[in-house]
1. Could we say that residue 69 is surrounded by fewer than 19 Cβ atoms within 10 Å (Cβ to Cβ), over 21 Å from residue 111 (Cβ atoms), at pLDDT 80 or above and not charged (D, E, K, R) here?
2. Could you run through region 394-419 and say how many residues are in a helix (DSSP H, G or I) and within 27 Å of residue 330 (Cβ to Cβ)?
3. Which residue, of 142, 170, 182, 135, is farther than 30 Å from residue 202 by Cβ and at pLDDT below 85?
4. Could you list, ordered by first residue, the pairs with Cβ atoms under 9 Å in which the first is in region 333-344 and in contact (Cβ under 8 Å) with a residue 40 or more places away in the chain and the second is among the polar types (S, T, N, Q), at least 6 apart or interchain?
5. Taking region 368-398, which residues are without any contact (Cβ under 8 Å) to a residue 40 or more places away in the chain and closer than 17 Å to residue 274 by Cβ?
6. Look through region 113-151, keep the residues that are surrounded by fewer than 15 Cβ atoms within 10 Å (Cβ to Cβ) and of a type outside the set (Ser, Thr, Tyr), and return whichever of them is farthest from residue 247 (Cα to Cα).
7. Among the candidates 346, 335, 357, 325, single out the residue that is part of a helix (DSSP H, G or I) and either in the same structural domain as residue 393 (by TED's automatic domain parsing) or within 21 Å of residue 279 (Cα to Cα) (or both).
Amino acid sequence: MQEQTLLAQWMGDGWINRHMPDTLWGQVALGLAVLAVLVVIAGWITSRVLTTVARRTLTAMGHDDWSVALARRRVFRNLSYAVPLLVIMSNIGLLPIEEKYADLMARIFLCGGIVFFFMALNGVLSAWQDIYAASTRAQTRSIKGYLELGKIIFWAICLILVISILVNRSPLLMLSGLGALSAVLLLVFKDTLLSLVASTQMTSNDMLRIGDWIEMPQAGADGFVIDIALHTVKVQNWDKTVTTVPTYKLFSESYRNWRYMFESGGRRIKRTLRIDAGTVRFLREDEIASLRRFALLKDYLDGKQQELDESNRALGPLADLEGNRRRLTNLGTFRAYALAYLRQQRELHQDMLMIVRMMEPDSQGIPIEVYCFANNTAWVEYERIQGNIFDHLLAILPELSLRLYQAPSGADFVRAWDAPGRSAAAQASNADSANP
């Protein structure tokens, strides 16, 4: 038989060839034994010798992190599986079987070796991602999307090669057949193509980074970006939940990125105090004198009083009528006090915009807006700074005879309803006590 001749030629003219069994099962057992020895030797050389040499070479070159990453991603192990399969494929003729079956088995083992080889290539890309993620550049630019695209291309090539080997046709014929399926492929990989374009644009324009705090209400995302992949972007929300957003939506739809606020070093404080319009009035002279005890108001009152006196003297006899005279108001004085208070705070950015302004009055009072920037962008510290400022401003309102507007509650209506009854009862009691 031809198979016996192949096995005999492989064995040579030695003692084994002279004592080779004549039976078919004996030759099959001998061929399997030889293949097993070859597989063990090839696996040992690949997993022990080549792997050790590769690791020591990487370590000697100062790339110990690559050695660890490749081992973690099972690159060396997949190669140690691929090489024995290729060895079996190339020596399948040692078995005394018909040529058509030998050819089929050879193609199957070749496909297995190719699959493990491409698994090793994908492991190299994963190791690259691990190494890059540990670098400082990963904080500004992510390459995970590109590496995932590379994995898709590798697996597509692997699939084409495996199918072409199994059907025993040229891979070029497979590629030419894909042209007719281009419309179907575009439909199937629509999200992949959109995500690729979006990922490229976001990376080149520096629109999104890992660690950015983004706010995207339409997707339910409000938190830090923890992962940027080809198809999805993961956002860890403030309540520790994770929202997955398609990558192309971050390019086609609007969202808010708080990164530039953090980079500026100042976080905006913009809050409104609503003052009861019924408490706004002119200040009397005794009230102005009393307010001079506040260090933040003394310079303002002195300068403002001098300005008003000069303006009123220019009026001449018309200044005798109070309606013609310029006078200080408690609301204007409060705005001056609030601005002076903000300028004394070390936890606010003094070189950024700082203003206390009165907005258009409405049915809920007179809005006084405080606009400034805290010099600490951390959420907890920012809320503490903001709370301290408005605690003080709310507490100082009664000193200026001002009151914060507050919509009446149920208890207010109850007190108003019971007030006439209590008044009548009190009058009746007083009458009874006056006429015993």
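The values are calculated or read from the model by the stated rules, or taken from the named source; none is laboratory data. The structure displayed is predicted, hence computed values, not measured ones. When we count neighbours, we look across all protein chains shown, and the Cβ atoms used for this are built from the backbone with ideal geometry, even at glycine.
1. no
2. 10
3. Unique residue meeting the criteria: 170.
4. What qualifies is 342/350.
5. The answer is 391, 395, 398.
6. Across region 113-151, the extreme among qualifying residues is 134.
7. The unique qualifying residue is 335.
For (1) out of contact with any helix residue (DSSP H, G or I) (no Cβ under 6 Å at 6 or more places or on another chain); (2) among the small types (Gly, Ala, Ser), each residue gets a yes or a no:
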site: 279; (1), (2): yes, no
site: 285; (1), (2): yes, no
site: 289; (1), (2): yes, yes
site: 292; (1), (2): no, no
site: 297; (1), (2): no, no
site: 305; (1), (2): yes, no
site: 317; (1), (2): yes, no
site: 331; (1), (2): yes, no
